[in-house]
Every structure is written in structure tokens, then in C-alpha cells.
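> One structure follows; several queries about it will come next.
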Ligand code: ATP
């Protein structure tokens, strides 16, 4: 893993953004807990997504479906049969890898070495293998023919490629043997499909319209060593947009643009974002693209946008025996709607924001670490410092804190030198630091220090809320 990635993992732990689950027991692999700063960052992202998708569109409504669903759901969705990863073990180190990712990394290396023709040939074989009936065998053959070595040990001693189902299984009822087998949902989308009529009718929506949901999903990821990029328990923010058959590709194009705009709206540098077309379309999709971010571990998917045809509703109709057709009162016809899905990982978004915000520069002759979050995602919007504990400055600072609390998450801090207090807030990504000094006693003004430029403005206390609001919405980064 890259140095920057390691730095972000350790900063996350030290500053209370994100740490390993159940750490005192040695940790639970690929599951993470969000501390005080992390949970605020996560809540801000969720709120901005909901704001954009639900409040920003009159034709999208929300849903919060249960994690445990009827087991037939997963037969209908195809997950019981085909939610598999092709995995291969390095016999020398007993390390497990995803076969398709090993080949992708090999292609990347070939391109970097200027071996363009060979890279293209391997790429074509990979695409063919991913679409083949014998995916495992074909992926294995590529690894053998290309003599791809295990990244960690350097060995060339592989087991065959095998498929592993990623769903977590448990039982309901008092006795495991007699209870019904159920699964923890591996995606939130199916909760939306099975509730198509339950949501549409009371919400009085007509096609085209969307249903949005934020919730936990679970996947028994075998190769899970990339911090919150690949977890076994994670959160998704998904929206399924139901459209008339034939119109799906226009809506797909529209949502693709809208979703990219949202990532930029979070303050992410545009040069670090790109679209990536799928090498292999799922059997149910007629278009699919990812939005990728350039993480320190490479360009990786943060969001998927998929045109899923009528596959899901049709399958639920077949498996449940319930009619999933929609009567279109405008065109006076009946059909099963097509679906355009936008599916973004909340944890991968948080990780993207941490990576994108991380910066080091100099302040007062010292090195500082600073997280340049967009003010609207920053865990703490403003910090309030009394310059001294004398002459009632802390009382004024507390009054300011009370005034700002209904509007923003703010923090009061009177401990340590001003330099130390600034450094702590820079590391938390707090965009505004407000200092109450002795002049405040005469002029009712305070100093507001900008995290990025470190410049200071003198602002009247009663103008602080407006100042923070203006400087938050108008924020942009210099180094795009
Ligand atoms: P990948 O190919 O990286 O495994 P995927 O294509 O299986 O991802 P989707 O099924 O499209 O992912 O899920 C939608 C989104 O959910 C992804 O874009 C990602 O942000 C998030 N996601 C999926 N799996 C995980 C995971 N194990 N940990 C964290 N986030 C995840």
C-alpha cells in the first residue's frame, strides 16, 4: 500500500475518524467503526446525498427497508446462484487474490512499460473470460500464460480459480437446524424493487420516478485488506429510477452526468475523478459505467451507474407471483418499468474525501497536516477559541458557541497555545477558527482564520453565522 494510504489510515485512527472494529480483542477483519469526527463526516455526506437526490427532485421519494429480507428475494435477484468472486490462492504465501484483479494489474503494468500490443491482447482475453461460461478456467489460463506472479511473495505457484459466494447467511427462529435460512442483504437495491407498488401508490408517483435509500449492506469479501475501501459491512446510498422501456439510455446519460456533478459538489478535485466503462456488462444490464476516484491505491470505483432493464421487477414478479406491471395513465398502456440505478458506497465516499482533502504545508515555520474538506462536509464547521482565560474572554466565546450551535457543529477549545489549537483543527479539517481577544471587549468583533489560506478576517460577532454560510457555499479549491 502507498505511503499516503498508510498515513491516512493512521491519521484516521489517531484523530478519531475511523478505527478497526473490536480492536481490544485483536480486531474484526474488514469491519470498521467511525469515531466522533468520522461519524460527523459520514452524516454530512449522507445529508448532502439525501438533499440532492430526494429533496432536490420532486419525483424521487425515500425508503428505509429492512436488512433481513425473505430468502426468495435473493433467488429472484440472482444472488443465491451467481454472486460470486473468482478467487485464486498463492500456495507460497497462502494469500488469496481476486483473479480478475490480478490480470487487471498485469495489464496496467504492461501499459506502464509501453507494451501496448500485449496489454490490448490480454485485455481482450480478460473481457472474453469474464463473459465466458467457464470464467474460472479462462481466468486461470490467462494467469498461467502470462506467468503472473503473486504480488506479495513473487511466487508463481497458484491453486485453480474458484468461485465464492459473498452472502452472509444466518437463521431465523429458535433452533438453527430448523429455522429458516436467511441472508444479510448484499445490496440495498432489492428492498426498493420488492416495494415498488408499496412506495409508488401512496407517494402518488408516476413513471418516471425514483426511490432512494441509504443503508447497510454485507458481503463476505475474501480479499479485504484495503481499509474502508472493501469492507464486509458497509453502507450504500442507492437510487432506482423507474422509466418507460425504451427511454432508459437517455435517463442513464442524464444520471451519469448528475452523479459526477455531485462528487464535484462535495469538493473533490475534478482531475481525480473519471468515468470508467464496464468491461463486462451484467447479464441484466444494457449500459453500465463507474465513477472512479484516483485513490492512493489507484483508480477505483466509488459509484456505479447501471441501466438494469426490467430484469429485477420481472424476476420478482416471477418468483413472488405478484403482478409488477405499471399502468401508464398518460400513454394508456401497461408495462414493467425499466430501471436506471445509481449506487454509491458511503464508506468509499468518506475515504475519497479523506484522501482528497489530505495535504501538508507550512504554517508559522512548522510543517502542518491539513484536511481541506469542503466546509459543508467538514466534521466541525467552526472552532471558537478565547485568546486568554482572563477578563471574561471564555464567557464571550461560550456565548458565540451557543449562538452558532443551532446552525453548525462547532467546538470550543481553550487548551494549549493558539498554534497548537490551530494545528488540532487543521488536522480535523475545520474550515473556520474564531478567536475572541481583548479587542473584542471594545469592538464586539472577533478574528476568523481561514484553514486554507491561514488569512484572518475581523468580523462582527452578530455577522458570524452569515459569514460562515457565505464562505461555506462559496468555497472552492485552488489546486483542482
Ligand atoms: P467492486 O467491483 O469494487 O467489488 P461492485 O461493483 O461489486 O464493487 P456494486 O455492487 O456496484 O459494487 O456496489 C455499489 C457500490 O457499493 C460500489 O460502487 C461501492 O462504492 C460500494 N461497495 C461495494 N462493495 C463494497 C465493499 N465491500 N466495501 C465498501 N463499499 C462497497
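> Suppose the filter is surrounded by fewer than 20 Cβ atoms within 10 Å (Cβ to Cβ) and either more than 25 Å from residue 455 (Cα to Cα) or over 19 Å from the mean Cα position of the chain (by Cα) (or both); does residue 347 pass it?
Working: surrounded by fewer than 20 Cβ atoms within 10 Å (Cβ to Cβ): no; either more than 25 Å from residue 455 (Cα to Cα) or over 19 Å from the mean Cα position of the chain (by Cα) (or both): yes.
No, not satisfied.
> Just the residues that are outside any strand (DSSP E or B) and within 15 Å of the ligand (Cβ to nearest atom), please, taken from the stretch 283-316. Show your work before the answer.
Here is the first cut: in the stretch 283-316, the residues outside any strand (DSSP E or B) are 283-286, 296-297, 310-316.
Scanning the stretch 283-316 gives 283, 284, 285, 297, 311, 312.
> Picking from 462, 442, which residue would you name as being more than 18 Å from residue 369 (Cβ to Cβ), out of contact with any strand residue (DSSP E or B) (no Cβ under 7 Å at 6 or more places or on another chain) and without any contact (Cβ under 8 Å) to a residue 12 or more places away in the chain? If you could, list the steps in order and put the result at the bottom.
Details: 462 fails: without any contact (Cβ under 8 Å) to a residue 12 or more places away in the chain.
Only one candidate passes the filter, namely 442.
> Tell me yes or no: at least one residue of the stretch 383-404 is within 16 Å of the ligand (Cβ to nearest atom) and within 30 Å of residue 32 (Cα to Cα).
Step one: list which residues in the stretch 383-404 are within 16 Å of the ligand (Cβ to nearest atom), which gives none.
Looking for residues that are within 16 Å of the ligand (Cβ to nearest atom) and within 30 Å of residue 32 (Cα to Cα), one finds none in the stretch 383-404, hence no.
> Checking the conditions here, which among 327, 319 is more than 9 Å from the ligand (Cβ to nearest atom), surrounded by fewer than 19 Cβ atoms within 10 Å (Cβ to Cβ) and farther than 19 Å from residue 211 by Cβ?
Working: 327 fails: farther than 19 Å from residue 211 by Cβ.
Answer to the selection: 319.
> Within the stretch 168-181, can one find any residue that is within 15 Å of the ligand (Cβ to nearest atom) and surrounded by 13 or more Cβ atoms within 10 Å (Cβ to Cβ)? Talk me through it step by step, then tell me what you get.
Here is the first cut: in the stretch 168-181, the residues within 15 Å of the ligand (Cβ to nearest atom) are 168.
Filter again for surrounded by 13 or more Cβ atoms within 10 Å (Cβ to Cβ), leaving 168.
Yes, the conditions are met somewhere in the stretch 168-181.
> Follow-up. If I filter the stretch 232-249 down to residues being closer than 21 Å to residue 49 by Cα and within 11 Å of the ligand (Cβ to nearest atom), which single residue comes out as surrounded by the fewest Cβ atoms within 10 Å (Cβ to Cβ)? So that I can check it myself, show each step before the final result.
To start, the set of residues in the stretch 232-249 that are closer than 21 Å to residue 49 by Cα comprises 233-242.
Filter once more, keeping what is within 11 Å of the ligand (Cβ to nearest atom): 233-238.
On the way: 233: 17, 234: 20, 235: 22, 236: 22, 237: 23, 238: 25.
Only one residue tops the list, namely 233.
> A further question on this structure: Could you count how many residues in the stretch 4-30 are touching a residue at least 24 places away in the same chain (Cβ under 8 Å) and over 26 Å from residue 220 (Cβ atoms)?
Matching residues across the stretch 4-30 total 4.
> Hand me the list of strands (runs of 3 or more DSSP E) wholly inside the stretch 168-282 holding 2 or more residues that are within 29 Å of residue 338 (Cα to Cα) and at pLDDT 95 or above.
209-218, 233-243, 273-277
> Could you check the stretch 323-359 and list, in sequence order, the residues that are under 15 Å from residue 311 (Cα atoms) and out of contact with any strand residue (DSSP E or B) (no Cβ under 8 Å at 6 or more places or on another chain)? Don't jump to the end; show me each part of the working.
Step one: of the stretch 323-359, the residues under 15 Å from residue 311 (Cα atoms) are 323-326, 335-341.
The answer is 323, 324.
> Could you figure out which of (1) away from the ligand (no atom under 16 Å from the Cβ); (2) modelled with pLDDT of 95 or more; (3) in contact with a helix residue (DSSP H, G or I) (Cβ under 6 Å, 6 or more places away or on another chain) isn't true of residue 368?
All conditions are met except number (2).
> Next question, about the same structure. Taking the options 238, 233, 247, 254, name whichever one is under 15 Å from the mean Cα position of the chain (by Cα) and farther than 14 Å from residue 349 by Cα.
Details: 238 fails: farther than 14 Å from residue 349 by Cα; 247 fails: under 15 Å from the mean Cα position of the chain (by Cα); 254 fails: under 15 Å from the mean Cα position of the chain (by Cα).
After applying the criteria, what remains is 233.
> Let me ask something additional. Here are the criteria: (1) surrounded by fewer than 19 Cβ atoms within 10 Å (Cβ to Cβ); (2) within 24 Å of residue 349 (Cβ to Cβ); (3) within 16 Å of the ligand (Cβ to nearest atom). Tell me which single one residue 261 does not satisfy.
(3)
This table checks each residue for (1) away from the ligand (no atom under 16 Å from the Cβ); (2) at pLDDT 95 or above; (3) under 25 Å from residue 343 (Cβ atoms).
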{"site": "42", "(1), (2), (3)": "no, yes, yes"}
{"site": "67", "(1), (2), (3)": "no, yes, yes"}
{"site": "115", "(1), (2), (3)": "yes, no, no"}
{"site": "125", "(1), (2), (3)": "yes, no, no"}
{"site": "142", "(1), (2), (3)": "yes, yes, no"}
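The values are calculated or read from the model by the stated rules, or taken from the named source; none is laboratory data. Because the structure is a prediction, the values reported are computed rather than measured. A quick note on method: Cβ atoms are made from the backbone with ideal geometry, for glycine too, and the neighbour counts reach across all protein chains shown.
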